Structure formats: structure tokens, C-alpha cells
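Only one structure is covered here, and it is reproduced in the block below.
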């Protein structure tokens, strides 16, 4: 029998902690936290199965506060469970406190960073994928852990929420439970639907979910909804809770103008007085899962033998292979060695060649369809449960998922991204398909690695390096085939580069990557015929960049030229400039000027309005072809 009286006491204690920590901090979102206090108290202290002393136990249920601004509620719940002291909650939002304004993994009970709204359900979907598809529970009959995602009613306006909803029903994730806190008020006014829970219900059910509409402040209704969730259901579940923003404090309840505002001292005392007697010694118990520490069964790769791996292509010098194809072949080799590798693609698998992985390891390939934001959020959820996800699509389409990518960094996600069809070298498809901002995008992400291989060998080796690296890695690949320039035994490392041509008579250094590295090599051969020696460096690692080799080239040659099939802003050229920030004179597109004592750096990049055309035509048009490089180098010298 559920002790509703104790739940009511705990909810009152939670509200007290919410008011206390936000008032002391002088900031935060107390009203958004108060509205969901009852339903989350019922979840934590009645339904949740979670080992507080072993938060990473795979048997634990997971809770994601997609509504991350309700962090006071999250911390108050763990305080009510006895895991945080009043001293802890009094540090809320202070410098170096683990209790940040929006949750991050600095708080040991937060798997991911949240608060950029609309992303939590995608992350929960990734966790559900990890549970259903990526390991098997050892104990027969044990129910799969559940993933609970708390969302605000404002954030369900985000398209990424509905992207996650349609895919969750497609994959039949009955252990994914969403909770919508329908408190009617957003940040600046009423939400789109207000308290129209009937419309929420119809929309949720239209996406293939089982919906439960409850009074979010009636413990009887809340508990009944939780009990109605069937452990063997193939339908994901959504609890639609009608609540009151600011619930428990009369002058805050359902009032506009209080979002994100803490109470002053006088209002705080008034609010606490309204709560009545608070049982500060009461503590809620969170039930542990039946298995104290669950072990995963080892995933089998028996459908792909080592002999088959040996039959995969081993590239020959001069052979023309697109790096995007080498990526797909590398994934198969990697998947045969590492059972934690999973691959996600947004309906481009026949262009990114990730379909090769699907053919060999179908249980570890997830078609995400054309919904890139959800794809990246799902990858983060998989990463949070120990998988190593490789996410692939056209480079141009990652731009629409940039928010999810940056939040992956704040979540300490171990996600690998591959963008194909990068640059004008894709040719006739035209501007909409040309990824020309991708290096700038990924370089700007905290802690990221950005790689741009130029041939099949370097691409394969860098895929394996990406898998070994802990954190975000972006691999840029191209549509056209390029010749193999490296021996299969060549080694590549993150932060490295390759000097492909050099002599003690080099007058200038050309630094390039990807498709245009091949153009630079051809240009160097042509210049040599004219009696001009130039050094050529393959800067395949753009972030981190090999500053040692670049500085050596700057000392030994008269100037540095960077060539890239990317916009001038934020790509390889800017990465090189960062190496010489203190003493560079910059010349754009071959324009000349002088700067005594500095390093002359010339950036050759995409700068004109894009259009369709043959790859060679477009490279020449943008001034990054063999012919254009030769012409500009001669002008510089």
C-alpha cells in the first residue's frame, strides 16, 4: 500500500528546498520546479528503481530532466532522498558548485547536460536503443530498465521532440516514458495549447504512443498512471500532467511574469509560511533494482568472421577510392573488432556507405531517417550508456543539429560524426548539398577533434583513431574518388600531419587537406617543372593541428599557403593562422602586402557564390584547383 501521506510530506519538503536554494542563489526557476514537484516525488519515491550508491548500475532506471531549468527540483529530490545536505543545496548556482543552473554530468546523478529544450526525449530514445538492442540482461525475466524523461509543455513545440516520438514508436520502445508538465505558462506568456490536455493526448496517440492524462497534483491519479504502464508494452508511454506553475505558493500560482525569477527575502518567508509545517527530517526511499550490479552479456560478432575481415579491401597506391567509401569499409573492420560500435544514419546510408555496416551488423545499425537533430540526440543517449556511436550524413546537414552537437560536448559525449559530400567538389548537386561550414562548426565545439583525410588509407586509419579517442570526433569525407597516396602501413594520429614533398630549396609551403591536397600535389609537380620547389603538407588533423611541423615550415620557407574546399571563415586556413597568431601577416586569396619579421600566410578557400558544375570546373572557379594554385604561388613568389 502506497503511503500517500508520506509522499505529500516529501513533496512539501521538496518545495521547501526549491524555494530555499533559489532564494539563496538569487536566481533560478522556482515556479517551473514547483509545478512538477508532485509527479516527480511520486516517481522517485514510489516507482523508480535506482541504486543511489551505484548510479551507473546498468539495471537502474534512468531519469532525464529535459526541462533542465527545473534543476532546483532535481536537486531537491536528491536532498529529500538524503543524498544532498542543506549545505549542498545552499551552494546552488555558485562558482564551482556541482549543483549548476542547468544539470550537467558534474552532478553524478545527471547522465547528460540538459536545458537546451527539446533534446531530452531524443537522449532517452538513445538510452532505450542501448537497452533493447545493445546488450542482453543476464537474469532471465528481469524487466528492462525504464527511461523517464521530464519535459515542459513549452519545449514540445520543438520539432526534435516529435522526431523522437515518431522514431520511438517505430522502434517500439515500451520502456521509454515521457512526462509532459503542462503548466500552461512558458517563459514570456501562455504556451501554444495552454491547458488543452485533450489535444496533447490526441497528438501523442497519433504518433503511436500510449497517453495518460492526469491531474499533476493528485497523487491518486499520478500513481494510477504509473501503475498502468505495462512492463511488456511495445508502445512508448506518455504521462500528460495538468499542473499549475508555482503550485504551493498562492501568489505564484498560475501567474505570468515569474518565470526564471527567484523570490526576495520577504516573499520567501511568506512562501515558506504558506507551505506550513515542513517535516525536514523526513526522507524518501528510492527502491533499488532487484539486481545490485548487473553484468552485460558479451556481444557476439559471429556473423562476421576474421577471415571475412581479411578479405576487405587493402588499398593500392594510385587506386582511386572515395573517402566516403573508405569510411564505410573502415566501419565494417572496426565493427568486427569492437562490439560497442554502433552506427546511425539519416537516410543517406547508400551515399555515406554506412550501409556496409548495416549489411554485416544489422542489430547495431539504426536508421534514423531524415531527422538529424534527433539522430544526434539519440547518439548522445547511446554514448551515455557505453556505446561508441558513429553518426553519418551529408556534411551540410549537420548544421541543423548544431545545438545537439554542442550539448553533446557539455554532456561529455563520446560520439563520432562523419560528414560526406563536403565542399564544391561534389559538383552538379549544387549549393544546398555542399558542406562548406562544417569544419568551422565542429572546430567551435569544446573539446572536439576535426579530421579531413585525403585518401582511403588515411580515412580508414583515422576512423580507428576516432573510435579510440574519448570525446567528439568529426571526420570529413568527399564525394569524388581520389588516388591512394599512402602506403597501407602508414600510421596516422590525432594532432599529426604528413610532409609529402620537401627539400632544402623549398621557397613556399602549401598546407592542404582532403580533395584539394591532391590538387596541391599536382600543383607542386607543375611548379617543379618551372624550377620552383614548394613543400606540401597534409594537415589531415585540423583540430588539434600539428603546430610543430607548421612552425618548422614557417622557419624554412618564405610563406605559407593554405588551400581548402571550405569557406574562408573557420576552416583550415584559420586553424593555421591560430598557430601564428602573434606574428602573422595575413594575405587573402593571393593579395599581396608586406610585413617585415612576420609569417606571411595566404588563404585559398571558397569565396564566390556557389553553383552547379563539374567538380573540376568548380575547383577552378573557386581558385583551389591545381591550375589556380600554380598561378597564385607564382604571383606570391
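Residues in the range 492-525 that are surrounded by 17 or more Cβ atoms within 10 Å (Cβ to Cβ), farther than 15 Å from residue 622 by Cβ and in contact with a helix residue (DSSP H, G or I) (Cβ under 7 Å, 6 or more places away or on another chain): 492, 494, 497, 500, 501, 506, 508, 509, 510, 511, 513.
So that you can scan it fast, the table gives a plain yes or no per residue for (1) over 22 Å from residue 329 (Cβ atoms); (2) over 20 Å from the mean Cα position of the chain (by Cα); (3) modelled with pLDDT of 95 or more:
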position: 414; (1), (2), (3): yes, no, yes
position: 442; (1), (2), (3): yes, no, yes
position: 463; (1), (2), (3): no, no, yes
position: 466; (1), (2), (3): no, no, yes
position: 474; (1), (2), (3): no, no, yes
position: 478; (1), (2), (3): no, yes, yes
position: 495; (1), (2), (3): yes, yes, yes
position: 498; (1), (2), (3): no, yes, yes
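Tell me, yes or no, whether the range 89-101 has at least one residue that is in contact with a helix residue (DSSP H, G or I) (Cβ under 7 Å, 6 or more places away or on another chain), part of a loop (DSSP other than H, G, I, E, B) and on the phi > 0 side of the Ramachandran plot. There is at least one residue in the range 89-101 that is in contact with a helix residue (DSSP H, G or I) (Cβ under 7 Å, 6 or more places away or on another chain), part of a loop (DSSP other than H, G, I, E, B) and on the phi > 0 side of the Ramachandran plot.
Is it fair to say residue 331 is in contact (Cβ under 8 Å) with a residue 24 or more places away in the chain, within 30 Å of residue 107 (Cβ to Cβ) and assigned to a helix (DSSP H, G or I)? For residue 331, the condition - in contact (Cβ under 8 Å) with a residue 24 or more places away in the chain, within 30 Å of residue 107 (Cβ to Cβ) and assigned to a helix (DSSP H, G or I) - is not met.
Conditions (1) more than 30 Å from residue 380 (Cβ to Cβ); (2) part of a loop (DSSP other than H, G, I, E, B), marked per residue:
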{"residue": "458", "(1), (2)": "no, no"}
{"residue": "471", "(1), (2)": "no, yes"}
{"residue": "478", "(1), (2)": "no, yes"}
{"residue": "482", "(1), (2)": "yes, no"}
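Checked against the criterion of being under 17 Å from the mean Cα position of the chain (by Cα), outside any loop (DSSP other than H, G, I, E, B), on the phi < 0 side of the Ramachandran plot and in the same structural domain as residue 455 (by TED's automatic domain parsing), the range 419-433 has at least one qualifying residue. Restricting attention to the range 167-209 and to residues that are in a helix (DSSP H, G or I), closer than 24 Å to residue 130 by Cα and without any contact (Cβ under 8 Å) to a residue 60 or more places away in the chain, the residue that is farthest from the chain's Cα centre (by Cα) turns out to be 204.
Of the residues in the range 103-113, not one is surrounded by fewer than 23 Cβ atoms within 10 Å (Cβ to Cβ), under 21 Å from residue 157 (Cβ atoms) and assigned by TED's automatic domain parsing to the domain that holds residue 30.
How many residues does the range 219-240 hold that are buried (at least 16 other Cβ atoms within 10 Å of the Cβ) and in contact (Cβ under 8 Å) with a residue 40 or more places away in the chain?
Of the range 219-240, the ones buried (at least 16 other Cβ atoms within 10 Å of the Cβ) are 219, 221-223, 225-226, 229, 235-240.
From the residues that got through so far, the ones that are in contact (Cβ under 8 Å) with a residue 40 or more places away in the chain too are 219, 222-223, 226, 229, 235-240.
Count: 11.
The values are calculated or read from the model by the stated rules, or taken from the named source; none is laboratory data. Owing to the predicted nature of the structure, the values given are computational and were not obtained by experimental measurement. Cβ atoms come from the backbone with ideal geometry, glycine included; neighbour counts cover every protein chain shown.
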